[in-house]
Structure formats: structure tokens, C-alpha cells
1. If I filter the stretch 252-301 down to residues being loosely packed, with under 13 Cβ neighbours inside 10 Å and under 30 Å from Asn52 (Cβ atoms), which single residue comes out as modelled with the lowest pLDDT?
2. Filter the stretch 3-24 down to residues that are in a helix (DSSP H, G or I) and open to solvent by 20 Å² or more (accessible area, probe 1.4 Å), then give me how many there are.
3. Go through (1) in contact (Cβ under 8 Å) with a residue 12 or more places away in the chain; (2) farther than 25 Å from Ala168 by Cα; (3) open to solvent by 10 Å² or more (accessible area, probe 1.4 Å) and name the single condition Glu64 misses.
4. Could you check, for the stretch 78-86, whether at least one of its residues is part of a loop (DSSP other than H, G, I, E, B) and either under 19 Å from Ile120 (Cα atoms) or not β-branched (Val, Ile, Thr) (or both)?
5. Report, ordered by the first and then the second residue, all pairs with beta carbons closer than 7 Å, sequence separation of six or more or different chains, a first member in the stretch 89-111 that is farther than 17 Å from Glu36 by Cα and in contact (Cβ under 8 Å) with a residue 24 or more places away in the chain, and a second member that is among the polar types (S, T, N, Q) and outside any loop (DSSP other than H, G, I, E, B).
6. Among (1) out of contact with any His (no Cβ under 6 Å at 6 or more places or on another chain); (2) open to solvent by less than 50 Å² (accessible area, probe 1.4 Å); (3) farther than 28 Å from Val178 by Cβ, where does Val40 come up short?
7. Assuming Phe71 fulfils every condition listed in (1) surrounded by fewer than 17 Cβ atoms within 10 Å (Cβ to Cβ); (2) farther than 20 Å from Leu160 by Cα; (3) in contact with a helix residue (DSSP H, G or I) (Cβ under 9 Å, 6 or more places away or on another chain) apart from one, which condition is it?
8. Confirm whether Gly76 is within 22 Å of Asp304 (Cα to Cα), buried (at least 21 other Cβ atoms within 10 Å of the Cβ), under 20 Å from the mean Cα position of the chain (by Cα) and small (Gly, Ala, Ser).
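The values are calculated or read from the model by the stated rules, or taken from the named source; none is laboratory data. These numbers come from a predicted model, not from an experiment. Positions of Cβ are backbone-derived with ideal geometry, glycine not excepted, and every protein chain shown enters the neighbour counts. SASA here: full protein model, heavy atoms, side chains in, ligands and nucleic acids out. Shrake-Rupley method; radii C 1.70, N 1.55, O 1.52, S 1.80 Å.
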Amino acid sequence: MSLISICYAVYQNEGALAILYNRTVEALETNFPHHEFEFVFVNDGSKDNSLNELLEIKKNTGDERIRIISFSRNFGQLAAILAGWEYANGDAVINMAADLQDPPEQCIPMIKEWESGNEIVISYRQSHSTSRINKITSWFAYKLLLPKRKAPPGGFDFVLLGKPAIKAIKAFKEKNRVYHYDILWIGFSVKFIPYDKLQRTIGKSQHNLISRFGDFILAYINTSYIPLRLMSLMGLLFAVAGFIYSIRIVNAYLQGGTPFNGWAPIMIMLLIIGGLIMVMLGVLGEYIWRIFDEVKHRPNYIVDKVL
């Protein structure tokens, strides 16, 4: 008999948690009576009634398998996911959303694949009721973030990790990280399962296009050196162009025809090069800021209560 941990990152999910718990318990206990389960809810500083709702569920059901980890404030989805993994005791750990967009019934084929020997089981979104711009940007982001890793086109969040995989993930000490990249990086046998992401009917999403773009920038800088390589390439191209243009100027000077009337092209070049230098300094600043953030060794989250 194995213990399987179900972890939920909870933020502003009032009204959905009781339904989520009941559906999860029904699906798992009906199909896997030979396994034990625990339910780890990580309250990421919710400002609504989410924490009280979790306390009510635990009180009304008397289910000792429920564990509630409550942060001192909002630390973000990544911190909540990492905390769930840290506090989980299972032989396998399933990470899923708490907004009912990830159907709890999807855990059934995931656990069966794990029982078949796959250490990592990923449920990827084959369809989801979101705007076209969100679909396009998600596809583009994952193509850039995971270019060399075998990953589904729409990305994933719903994942099962076996004990060796979760142990490897816990060994990562970075503060700024992309857990999707980490999961595919560690190796082990991976099984991909498609599912339909449901429309959110309770509450509203806390992510808009601007926040998603900010998350992408953070993730891309943390997983890729391409911006630095691109800066080097652009610097080399402009250096070669400048050298060629310098030869032309020297030739014109030797022939007594220095083009003093070339004010416009000179200003254009100065503006372009000056702008590129500022952009490059900004990119360097992003990397340096993350180095500074890492060396401070601050925790990813602070736990207020564990119930």
C-alpha cells in the first residue's frame, strides 16, 4: 500500500475548495482502495475566505488526512507549489490547481501510469477555454522556455512525481526557477497524458496578460543564456559594420573628400548604438539582479500555520 499526496496551491479559491475536496476523495477512494492518500492545501496568503473554508472542511469531515499550510503573506504560485512538495510525505505527489479547472478525475489515469512504472506523469492541456491571445502566447512561451526538452505545445501544470523525482526536485536550491523546466531536466521516465482544461466557473483568474508577460521574462532569463549570446552577436556585427564604415571614412579623408555633410547618418548610428547599449545594460541588470537575489539566501516562503 502506497501513500499518495495531492497538493493544491490555494489563492483566492473561496467557494471551490469543498467541491474540489469532495470530487478528489470520491475519485481516488473509488478507484484506488489499495492506496492511502493525504491532501496538502497550501494557502498562499489568500485575502478571501479560502483559509476559513479549508478549516471548515477539516472540521466538518474530521479527515485527518487533510494538511493545511498557511503562508504569512502571498509569496506566489511557485512558492506554494514548492511548499506542497516539501510538506508532502507520499510515495508519489500530484500537483494540481485549486480552481477546478484541473478535473480531479484526471488523477486516475495519472496514478495508473505511475503504477505502470513511470516516475513522472504529466497531464498537458490539449484544449482549454481561454482567449486566442492566451493560447498563442502560451505556445510561444513554452517553445522558447523548453526548446531542447520534450514538452507538450501548450505547457503543463498538472503533474505527478514519484519519490525519486520529488527527491531530485527538492535538491534544487535556486530561488528563481521554472519548475516545468526542472521536471523535464531531471530525467526519469516521463509519460504525457492529454486532458481538457475546464472553464473556471467559481472566482476569477489572478493572472492577466501583463503578469503573464512578467512571469515569462523571469522564467526565460532563469533558463536561457540566449539574451547574453544575442548581445555578443549584435556587438560583433556592429563592430564589423563600424570597422567597414571607418575604412570608408579614412579613404574619403585621404582623397580630400571627408563627408562633413553626413550629419544625418552619424546621428542615426549614434541613436541606434546608444539605444542598443541601454538595452544590453538592462539585460545584464536582469541577470545581475537574479544573482543578487540568489546570494541573499532568503527563503521562498514563510509559513504562518501548519494544521
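1. Checked the stretch 252-301; the qualifying residue modelled with the lowest pLDDT is Arg298.
2. Matching residues across the stretch 3-24 total 4.
3. (1)
4. So far as the stretch 78-86 goes, no, none of its residues is part of a loop (DSSP other than H, G, I, E, B) and either under 19 Å from Ile120 (Cα atoms) or not β-branched (Val, Ile, Thr) (or both).
5. Gln106/Ser123
6. (3)
7. Status for Phe71: all satisfied but (1).
8. When the stated conditions are applied, Gly76 does not pass them.
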